[in-house]
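Read through the structure below, which is laid out as structure tokens, and then see the notes.
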Amino acid sequence: MEDSYVHKGLRRKLVQELTARNLFSAELMDAFMRVPRHLFMAKGLEKLAYKDQALPIASGQTISQPFTVAFQTHLLEISKGDKVLEIGTGSGYQTAVLLEMGAKVFSIERQKELFDVTQILLANLNYRPQLFYGDGYLGQPMYSPFDKIIITAGAPFIPEPLKQQLKIGGRMVIPVGDKAQKMILLVKKDENNFEVTEHGNFQFVPLLQGKSINK
């Protein structure tokens, strides 16, 4: 799996574009520099890897726009050692960024084809998240509570099990809406109360319930 000087140069240019927005920490941008996004792309789209745009991957899903990945990660306020639940492993790119930030990642993917491919890719790149093939709406209660929860698909509502699995003081970032979504940040104040803020409009593939075995 090649990560050439050309790839690194293109990645540096992307990071400079993101840094110019004056939103993101140096630690987050360093993590972006370490993750070879072109290796997470669908075949034939590698040349577009360092453009700031979402692109299609297997199973009708997408790899999110780099700005979106950075923005969701920024809202999470990752600290080294945080236990993070990710709903929607997808290509594994967001997973890798979280791992590079020092998080312990538990990630759920409902698409069996994606789960199988991404599991192998992340292992080959020496990333070691805990991956699960399952229904993201249910979370992973066995491993809760989580310091942070990130949802990488558009949810029609905020699943109650995920709110329950967030630790007090924890942060959840979730795009909520049907055709377009508002980026919502929830901060858990106590068992029953959340501080909820909105952070702009985005567009994601839908967060679906259940597991898919489509090949």
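What are the residue pairs meeting all of these: first residue in region 101-129, first residue within 22 Å of Asp30 (Cβ to Cβ), second residue of a type in the set (S, T, N, Q), Cβ atoms under 6 Å, and 6 or more apart or on different chains?
Cβ pairs passing all conditions: Val105/Thr95; Ser107/Thr89; Ser107/Thr95; Pro129/Thr95; Pro129/Ser107.
Strands (runs of 3 or more DSSP E) wholly in region 46-153 with at least 1 residues that are among the hydroxyl-bearing types (Ser, Thr, Tyr) - which ones? Write out each step before concluding.
Details: elements: 83-87, 104-109, 130-133, 146-151.
By residue number, 104-109, 130-133.
From (1) buried (at least 17 other Cβ atoms within 10 Å of the Cβ); (2) within 22 Å of Asn126 (Cβ to Cβ); (3) free of Cβ contacts under 8 Å to residues at least 60 places away in the same chain, pick out the condition that doesn't hold for Val35.
It is condition (3) that Val35 fails.
Looking only at region 149-157, decide whether some residue is under 26 Å from Phe32 (Cβ atoms), free of Cβ contacts under 8 Å to residues at least 40 places away in the same chain, of a type outside the set (S, T, N, Q) and touching a helix residue (DSSP H, G or I) at 6+ places or on another chain (Cβ under 6 Å). Give the derivation first.
Here is the first cut: in region 149-157, the residues under 26 Å from Phe32 (Cβ atoms) are 149-155.
Narrowing the set further to residues that are free of Cβ contacts under 8 Å to residues at least 40 places away in the same chain leaves none.
Checking region 149-157: not a single residue is under 26 Å from Phe32 (Cβ atoms), free of Cβ contacts under 8 Å to residues at least 40 places away in the same chain, of a type outside the set (S, T, N, Q) and touching a helix residue (DSSP H, G or I) at 6+ places or on another chain (Cβ under 6 Å).
Among what's in region 165-215 and is assigned to a strand (DSSP E or B) and among the basic types (Lys, Arg), pick the residue that is nearest to Ala155 (Cα to Cα). It would help to see each step written out before you state the result.
Step one: filter region 165-215 for residues assigned to a strand (DSSP E or B), giving 166-176, 181-190, 193-202, 206, 212.
With the extra rule that they be among the basic types (Lys, Arg), the set shrinks to 167, 171, 182, 188-189.
Values: Lys167: 21, Arg171: 17, Lys182: 10, Lys188: 19, Lys189: 22 Å.
Among those residues, the one meeting the criterion is Lys182.
Considering only region 160-200, state which residues are buried (at least 18 other Cβ atoms within 10 Å of the Cβ), under 26 Å from Ile63 (Cβ atoms) and more than 17 Å from the chain's Cα centre (by Cα).
Within region 160-200, Gln165, Gly177 qualify.
We did not get these values from a lab; they are worked out from the coordinates using the rules stated. Since this is a predicted model, take the numbers as computed values, not measurements. Here the Cβ is made from the backbone with ideal geometry for all residues, glycine too, and neighbour counts use every protein chain on show.
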